[in-house]
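Some notes on the structure that comes next.
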Amino acid sequence: MKSVTYTTNPGDRFNRLVVIEKADLPRLKGRWHCLCDCGARSIVHYWQLHTGGTKSCGCLTRERAARDSQRRAAAELLLPPTGEARRRSFSAERLRALLVLDDSTGIFRWRVDRSIKTRAGDVAGTRARNGRHLIKVDSFVYTRANLVWLYVTGAWPKHEIDHINSVRDDDRFSNLRDVDRTTNQQNMRSAFRNNKSTGLLGVSTEGRPGKFFARIRANGKSFRLGCYSTAEEAHQVYVDAKRRLHKGCTL
Ligand SMILES: [Zn+2]
């Protein structure tokens, strides 16, 4: 086996490092003070210098890491969006190119033939069981209300689309508003189907036949509005309170 001897002298250059002088360190032999091109000094073992294990004070690695992360970030920008971002990347321009909106009814019709069954001029989408009208386009399903909003304003709604008259497939733009969830839920017009005792919003017999209690929730609290002898009376009190307390109320 051939043995190799390395000679190291002041002034020798190894990549970015120039040797200055031998380091006088107890128990650590063979190390040299070096000056890096960037101006920093470091102490390096001669073996690392000769084999190229150390090429700089560390600035080379830092620069390469910064360059790599910039390259990765640039590559990510070029990737197509995924998930919700991809859903939202469906633009008003693309929408207007594919569909034409009848303002007076809130109904979209296709501008172009979509398939053997779906032809230009056909009403787009179908009414879902929850009452909303849905349209599938570019492999995503959207509510028609959201698409009407996008079509008219050129931007996706910031919050949720609320139907002012509570008819979930009445997607005329004049019937839509972009509201936060609380406001949307305040725009309830009829009682839940499980409110069997009266069927009126805000009224309950609370298990006592012949008595009608009005109650309203606002700002996270429940308020009693009194006991009445008819359901209609209690409901009217509730509606009056609702108009004052719920900014989303359209009753
Ligand atoms: Zn350096």
Review point. Only one residue in THR153, THR143, THR126 is among the hydroxyl-bearing types (Ser, Thr, Tyr) and more than 24 Å from the chain's Cα centre (by Cα), so which one is that?
Key: THR126
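Report yes if some residue within the stretch 38-48 is on the phi < 0 side of the Ramachandran plot, outside the structural domain of TYR151 (by TED's automatic domain parsing) and touching a residue at least 40 places away in the same chain (Cβ under 8 Å); otherwise report no.
yes
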Check your understanding: If we scan the stretch 207-221, do we find a residue that is at pLDDT below 80, assigned to a strand (DSSP E or B), surrounded by fewer than 16 Cβ atoms within 10 Å (Cβ to Cβ) and not assigned by TED's automatic domain parsing to the domain that holds ARG114?
Key -> yes
Review point. Among the residues of the stretch 73-80, is there at least one that is over 30 Å from LYS136 (Cβ atoms), within 16 Å of the ligand (Cβ to nearest atom) and not aromatic (Phe, Trp, Tyr)?
Key: no
Practice item. Just give me the residues in the stretch 122-145 being open to solvent by 40 Å² or more (accessible area, probe 1.4 Å), not hydroxyl-bearing (Ser, Thr, Tyr) and not in a strand (DSSP E or B), in sequence order. Key: ASP122, ARG129, ASN130, ARG132, ASP138
Check your understanding: Looking at (1) open to solvent by 100 Å² or more (accessible area, probe 1.4 Å); (2) more than 16 Å from the ligand (Cβ to nearest atom), which is the only condition ASP12 fails?
Key -> (1)
Revision key, fill the gap. Reported set for the stretch 56-86 where residues are touching a strand residue (DSSP E or B) at 6+ places or on another chain (Cβ under 7 Å) and either surrounded by fewer than 10 Cβ atoms within 10 Å (Cβ to Cβ) or not assigned by TED's automatic domain parsing to the domain that holds LEU17 (or both) is none
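For the stretch 53-72, what are the residues that are in contact with a Phe, Trp or Tyr (Cβ under 9 Å, 6 or more places away or on another chain) and more than 15 Å from the ligand (Cβ to nearest atom)? Explain how you work it out, then say what you get.
Keep residues of the stretch 53-72 that are in contact with a Phe, Trp or Tyr (Cβ under 9 Å, 6 or more places away or on another chain), which gives 53-55.
Answer for the stretch 53-72, where residues must be in contact with a Phe, Trp or Tyr (Cβ under 9 Å, 6 or more places away or on another chain) and more than 15 Å from the ligand (Cβ to nearest atom): just GLY53.
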Review point. Going by the structure shown, is TRP110 more than 28 Å from the chain's Cα centre (by Cα), of a type in the set (Phe, Trp, Tyr) and not assigned by TED's automatic domain parsing to the domain that holds THR153?
Key: no
Practice item. Within the stretch 23-45, count every residue that is more than 16 Å from the ligand (Cβ to nearest atom) and open to solvent by 40 Å² or more (accessible area, probe 1.4 Å). Key: 8
Study note, to complete from the structure: Pairs returned, first residue in the stretch 141-152 that is in contact (Cβ under 8 Å) with a residue 40 or more places away in the chain, second residue that is assigned to a helix (DSSP H, G or I) and open to solvent by less than 10 Å² (accessible area, probe 1.4 Å), beta-carbon separation under 7 angstrom, 6 or more apart or interchain, are LEU147/LEU95; LEU150/ALA92; LEU150/LEU95; TYR151/ALA92; TYR151/LEU95
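The values are calculated or read from the model by the stated rules, or taken from the named source; none is laboratory data. Note that the coordinates shown come from a computational prediction; the quantities given were computed from them, not determined experimentally. Positions of Cβ are backbone-derived with ideal geometry, glycine not excepted, and every protein chain shown enters the neighbour counts. These area figures cover heavy atoms from the full protein model, side chains too; ligands, DNA and RNA do not enter into them. Shrake-Rupley method; radii C 1.70, N 1.55, O 1.52, S 1.80 Å.
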